[in-house]
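Below is one structure; the comments refer to it alone.
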């Protein structure tokens, strides 16, 4: 009798253990299913240059057709699978994060290669309206596409703020908002640190004019950056003041002009970006009174910046620009 009771007890314990194991397995399976469902059903709705866009899931494989947004992904700790104009990217955008060999070139920024993009099987494409509106439908057939309009009249009001807005939009789409906040905080701290360098060197609060100069149609040409530009906004955030003002809204953040215009700003400090092989100041304008007799030239208040200074870009480029400005300003005379 005791043996029978013992056998019954063992059988009951075995059944209970099996039931318990089954329940645990079912709960785990339910949890995994919910996690997968959460990822699959994540959607983000944004407003871009083409209207309202809803992006399903979290994009991992992103093709970028304009350099600024490739840099934005780098800042967020991501690497695009494809970049338009990849071969020339590093000639201008130098934020200290090289692309790996796995990143593919997908044609030029003006004429992306749709076949190359399609082969990468992206889950997101980022472009700009002024270049890519004409192929928007074809891009959408490949993958969800976000288009920005950095040179629209609205964006031109404050290109620096627009840069931040676009960066935050991309961060939202790829689910990197916390990282975006960290990047923007670091950028602001960089501006403060560089302003401190200016003040320590006795250059705090400098009035300035900044230009990108080059030869166009055999004529020395100057782009004077206006206060709506990223360049001026970065410099102003370091306590500097742009002496060049215009009543006209410059869509690209600068006015194209000639050396004669500089006569109106001789009391300012002159920052200039030139290519070594096309330095209009040491070549065409050397010995020209219109240049040589300017007060800031005579008083050695001219500051040469690297020829590859990038005047557009995202938060990381803004940090590089700030350092380049201050490096030029505090150089030994």
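Report the full-extension gain for the segment residue 152 to residue 264: residue separation times 0.36 nm, less the Cα-Cα distance, to one decimal in nm.
Working: separation 112, 0.36 × 112 = 40.32 nm, distance 2.94 nm.
Extra length available between residue 152 and residue 264 comes to 37.4 nm.
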Subject >> q = 0.09, 0.12, 0.14 Å⁻¹: log10 I(q)/I(0) that the Debye formula gives for the chain, counting C-alpha atoms only >> reply: -0.58, -0.90, -1.13
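As a test, work out the antiparallel percent of DSSP beta bridges whose residues both lie in the chain, rounded to the nearest 5.
On the way: 17 of 39 bridges.
Once the DSSP bridges in the chain are tallied, antiparallel ones form about 45 percent.
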Original post:
Which parts of the range 139-175 would a label at residue 42 reach, counting a residue when its backbone N lies under 13 Å from a point 7 Å out along Cα-to-Cβ?
Top reply: 171-175
Original post:
What nm value, rounded to one decimal, do you get for the distance between residue 286 and residue 121 when each label is placed 7 Å out toward the C-beta?
Top reply: 5.8
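How would you classify the range 151-245 from its alpha-carbon gyration tensor, with a ≥ b ≥ c the square roots of the eigenvalues: rounded for a/c under 1.5, else prolate if a/b is greater than b/c, otherwise oblate? Could the numbers behind the result be given before it?
Working: a/c = 2.52, a/b = 1.26, b/c = 2.00.
It is oblate, given that a/c is not under 1.5 and a/b is not larger than b/c.
Note down the Stokes-Einstein diffusion coefficient of the range 287-333 in µm²/s, whole number, using a Kirkwood radius over alpha carbon pairs, 37 °C, and 0.692 mPa s.
On the way: Rh = 12.4 Å.
Rounded, D is 265 µm²/s.
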Original post:
Seen from all sides and averaged, what is the projected area of the convex hull of the Cα atoms in the range 83-155, in nm²?
Top reply: 5.6
Original post:
Which of 98, 315, 150 moves most in a GNM of the chain, Cα contacts under 10 Å?
Top reply: 98
Subject >> Hull volume in cubic angstrom per residue (convex hull over the Cα atoms of the range 43-175) >> reply: 102
Original post:
If the chain between residue 91 and residue 323 were fully stretched, how many nm would it gain, using 0.36 nm times the residue separation less the Cα-Cα distance?
Top reply: 81.7 nm
Subject >> Value in Å of the Kirkwood radius, where the range 184-329 supplies the Cα pairs that are averaged >> reply: 15.5
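What's the extension gain from residue 302 to residue 247 if we count 0.36 nm per residue and subtract their Cα-Cα distance? Don't skip to the end; give the middle numbers.
Working: separation 55, 0.36 × 55 = 19.80 nm, distance 2.57 nm.
Additional length available on full extension: 17.2 nm.
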Original post:
What is the spin-label model distance, in nm, from residue 295 to residue 58 if the labels are put 7 Å beyond Cα along the C-beta direction?
Top reply: 5.8
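Throughout, read-outs are computed from the coordinates displayed, never taken from laboratory work. None of these values were measured; they are calculated from a predicted model. Note: ideal-geometry Cβ built from the backbone for every residue, glycine included; neighbour counts use all protein chains shown.
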